[in-house]
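Accompanying notes for the structure given below.
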Amino acid sequence: MPKLNKQELHNLAMNIVGKELEDDGFEFLGVNSKLKKNPQFVALKDTKLHFVIVRAIEYPDDPAAFDPAFMQEIKEHAEKFNAKTFYAGVGLANSNDYEKPINSEEDYIVNYQGLKEF
């Protein structure tokens, strides 16, 4: 069973967050799914610009934890555009055995607490 690589895990997290944004009425102005390209989503809601940072976090790491210095950089960039900044940490684990990697043939568990404004 081929385990998912970092880009595939990132794409999975992007899909989860993107669906939430879509369901919440956000209009996508920019989507960037390449690793290390930030922000992942630039979206508009109620005439307000939003920058969303998405991270796929594998078990046992904490999806709510983030790099505050990095998020401060993004926030300062967003403020130039009068945009709000959000962090979306998506925890992922193999549903059969948390200690095993996530692969394309087994189910996975998602630990996602929604957008956190920074």
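The values are calculated or read from the model by the stated rules, or taken from the named source; none is laboratory data. If you're wondering where the values come from, they're calculated on a predicted model, not measured in any experiment. Note that each Cβ is placed from the backbone with ideal geometry, even for glycine, and that neighbours are counted across all protein chains shown.
Evaluation of Glu73 against the conditions (1) among the charged types (D, E, K, R); (2) more than 21 Å from Val110 (Cα to Cα); (3) touching a strand residue (DSSP E or B) at 6+ places or on another chain (Cβ under 9 Å) shows that the sole unmet condition is (3).
Of all residues being in a loop (DSSP other than H, G, I, E, B) and under 12 Å from the mean Cα position of the chain (by Cα) in the range 75-118, which is surrounded by the most Cβ atoms within 10 Å (Cβ to Cβ)? Just the residue, please. Restricting to residues being in a loop (DSSP other than H, G, I, E, B) and under 12 Å from the mean Cα position of the chain (by Cα), the top hit is Leu115.
Comparison of Lys48, Lys6, Lys36 shows that the only residue that is closer than 17 Å to Lys116 by Cβ, loosely packed, with under 12 Cβ neighbours inside 10 Å and among the basic types (Lys, Arg) is Lys48.
Is there any pair with a first residue in the range 1-22 that is assigned to a helix (DSSP H, G or I) and a second that is aliphatic (A, V, I, L, M) and modelled with pLDDT under 95 whose Cβ atoms are under 8 Å apart and which are 6 or more apart or on different chains, and what are they? Here the result reads Lys6/Leu35; Gln7/Leu35; His10/Leu35, each pair linking the range 1-22 to a residue that is aliphatic (A, V, I, L, M) and modelled with pLDDT under 95. As for the range 39-60, it holds at least one residue that is more than 26 Å from Asn5 (Cβ to Cβ), among the acidic types (Asp, Glu) and without any contact (Cβ under 8 Å) to a residue 40 or more places away in the chain.
Answer yes or no: is there a residue in the range 85-93 that is in contact (Cβ under 8 Å) with a residue 24 or more places away in the chain, over 17 Å from His10 (Cα atoms) and in contact with a helix residue (DSSP H, G or I) (Cβ under 9 Å, 6 or more places away or on another chain). Checked against the condition, which is being in contact (Cβ under 8 Å) with a residue 24 or more places away in the chain, over 17 Å from His10 (Cα atoms) and in contact with a helix residue (DSSP H, G or I) (Cβ under 9 Å, 6 or more places away or on another chain), the range 85-93 yields at least one hit.
Would you mind stating whether Phe41 is aromatic (Phe, Trp, Tyr) and crowded, with 17+ Cβ neighbours inside 10 Å? When the stated conditions are applied, Phe41 passes them.
Residues that are of a type in the set (A, V, I, L, M, F, W, C) and assigned to a helix (DSSP H, G or I) within the range 62-74 comprise Ala69, Phe70, Met71, Ile74, listed in sequence order.
Scanning the range 25-61 for residues that are part of a strand (DSSP E or B) and under 19 Å from Glu8 (Cβ atoms) turns up Val31, Phe41, Ile53, Val54, Arg55, Ala56, Ile57, Glu58.
Of the residues making up the range 52-64, those that are more than 12 Å from the chain's Cα centre (by Cα) and not aromatic (Phe, Trp, Tyr) are Glu58, Pro60, Asp61, Asp62.
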